[in-house]
1. Residue pairs, Cβ under 6 Å, 6 or more apart or interchain, first in segment 146-164 and under 19 Å from Asp11 (Cβ atoms), second part of a loop (DSSP other than H, G, I, E, B). List them.
2. List every residue pair whose Cβ atoms sit under 7 Å apart, with the two residues 6 or more apart in sequence or on different chains, where the first one lies in segment 22-36 and is more than 13 Å from Gln236 (Cα to Cα) and touching a residue at least 40 places away in the same chain (Cβ under 8 Å) and the second, anywhere, is within 12 Å of the ligand (Cβ to nearest atom) and of a type outside the set (A, V, I, L, M).
3. Within segment 115-170, can you find the residues that are on the phi < 0 side of the Ramachandran plot, within 16 Å of the ligand (Cβ to nearest atom) and not hydrophobic (A, V, I, L, M, F, W, C)?
4. Of all residues in segment 171-215, how many are touching a residue at least 24 places away in the same chain (Cβ under 8 Å) and either more than 13 Å from the ligand (Cβ to nearest atom) or farther than 24 Å from Thr19 by Cα (or both)?
5. Can we say Ile118 is buried (at least 18 other Cβ atoms within 10 Å of the Cβ) and either touching an Asp or Glu at 6+ places or on another chain (Cβ under 7 Å) or closer than 30 Å to Ser61 by Cβ (or both)?
6. Can you list residue pairs whose Cβ atoms sit under 8 Å apart, with the first residue in segment 94-110 being of a type in the set (S, T, N, Q) and the second being assigned to a loop (DSSP other than H, G, I, E, B)? Count only pairs 6 or more apart in sequence or on different chains.
7. Return the residue satisfying two criteria in turn: it lies in segment 105-122 and is outside any loop (DSSP other than H, G, I, E, B) and among the hydrophobic types (A, V, I, L, M, F, W, C), and of such residues it is nearest to the chain's Cα centre (by Cα).
Amino acid sequence: MRNLTSRHGLDMPQLGLGTWPMKGEECTLAVRQALELGYRHIDTAPAYENEAAVGEALRQSDVPRESIHLTTKVWWDKLQPAAMRQSLEDSLRALGTEQVDLFMIHWPTKDWDLPRSIEALVALRDEGKARCIGVANFPLGLLRRVAEELEAPLSAIQVEYHVLLDQRGLLDYARSKGLALTAYTPLARGQAAEQAAIRKIAEKHGVLPSQVALKWLLDQDGVAAIPKASSRANQQANRDALKVQLDDEDRALIAALPKDRRVVSPDFAPAWDA
Ligand SMILES: NC(=O)c1ccc[n+]([C@@H]2O[C@H](COP(=O)([O-])OP(=O)(O)OC[C@H]3O[C@@H](n4cnc5c(N)ncnc54)[C@H](OP(=O)(O)O)[C@@H]3O)[C@@H](O)[C@H]2O)c1
């Protein structure tokens, strides 16, 4: 499995396991199983209410903590410095670790003191509670402001990205600044595999449509992906996607798919073109 390295010390396996919406025992089993299959990158968040279950899997597993990349986040109602600190401390306790590898603001919010929040994020990194920091669901304008005006030492951005959603603007910018881009909802929750073009490519190579969708992401410089899978079969299939070889004809077919199918856009989401 390839590792993605980016600015400020990020070194993260390109393929990770998404854990939302698994909770409790289901989540513990899925994470433990993923670690057995060779996954070394786990994505969680307080909002998923599964950090304790992820922590339990880490405790049960023989894989040493230092071999696992762990991402967690802070929800948008806890972006004031004291609340953010408390949120990360609660996450560390639930996960049973002294440091996460990547700590991200989960969503931007409106009418906030952005410089103070970013200062608090950076302070938590400087104190060693997070090895690296990043932001999720930030539109390009806001990301620019954080990276350039506030000069935050970001390592990564996490956004929805898959064969049905164009993210060229954010990806070009992330690359120009040396940031990794983690693709969430990389299978478009099943919609990617339903596309005739994806099925046709899969048939041509004798692989699964979901593997085609994932490999298209993993072939891109600076891109990581965190599909959620609970069954052993799906977790293994997603790892095996790394072996799929796409060609120019496949990429042309994927380029011609509609690119405006955003799956995740809650009512608190930012204006995506801001
Ligand atoms: N930062 C954010 O705001 C944000 C937002 C959304 C998601 N995320 C993160 O991204 C992760 C993934 O996104 P997601 O869960 O929204 O969507 P997704 O990964 O695109 O899709 C998950 C669905 O695909 C199925 N699946 C997985 N592998 C498969 C395979 N090989 N063949 C067929 N079906 C397969 C899963 O089923 P089974 O479980 O049955 O295997 C599940 O129903 C989340 O778990 C979370 O960690 C972050």
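Derivation of every value follows stated rules applied to the coordinates shown; laboratory data play no part. Note that this is a predicted model, so its numbers are computed, not measured. So basically every Cβ, Gly included, is an ideal-geometry build from the backbone, and we count neighbours across all protein chains shown.
1. As it stands, the answer is Leu154/Leu179; Ala156/Leu179; Ile157/Leu179, since those pairs meet every condition given.
2. That search, which allows pairs on different chains as well, returns Met22/Asn50; Met22/Ser230; Glu26/Ser230.
3. Within segment 115-170, Gly134, Pro139, Ser155, Gln158, Glu160, Tyr161, His162, Gln167 qualify.
4. Let us first name the residues in segment 171-215 that are touching a residue at least 24 places away in the same chain (Cβ under 8 Å), namely 171, 173-175, 177-189, 191-192, 195, 197-198, 200-201, 204-205, 207-208, 210-215.
If we keep only those that are either more than 13 Å from the ligand (Cβ to nearest atom) or farther than 24 Å from Thr19 by Cα (or both) as well, we get 171, 173-175, 177-180, 195, 197-198, 200-201, 204-205, 207.
Total meeting the criteria: 16.
5. Details: buried (at least 18 other Cβ atoms within 10 Å of the Cβ): yes; either touching an Asp or Glu at 6+ places or on another chain (Cβ under 7 Å) or closer than 30 Å to Ser61 by Cβ (or both): no.
Taking the combined requirement at face value, the residue does not satisfy it.
6. Pairs that qualify, where the first residue is of a type in the set (S, T, N, Q) and the partner is assigned to a loop (DSSP other than H, G, I, E, B), are Gln99/Gly128; Gln99/Lys129; Thr109/Trp76; Thr109/Asp77; Thr109/Leu79; Thr109/Phe268.
7. Our first condition is that a residue be outside any loop (DSSP other than H, G, I, E, B); within segment 105-122, this holds for 105, 114-122.
Narrowing the set further to residues that are among the hydrophobic types (A, V, I, L, M, F, W, C) leaves 105, 114, 118, 120-122.
Details: Ile105: 12, Leu114: 22, Ile118: 19, Ala120: 21, Leu121: 18, Val122: 19 Å.
The qualifying residue nearest to the chain's Cα centre (by Cα) is Ile105.
Residues checked against (1) part of a helix (DSSP H, G or I); (2) within 15 Å of the ligand (Cβ to nearest atom); (3) on the phi > 0 side of the Ramachandran plot:
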| position | (1), (2), (3) |
| --- | --- |
| Leu35 | yes, no, no |
| Glu56 | yes, no, no |
| Val63 | no, no, no |
| Lys73 | no, yes, no |
| Ala83 | yes, no, no |
| Arg93 | yes, no, no |
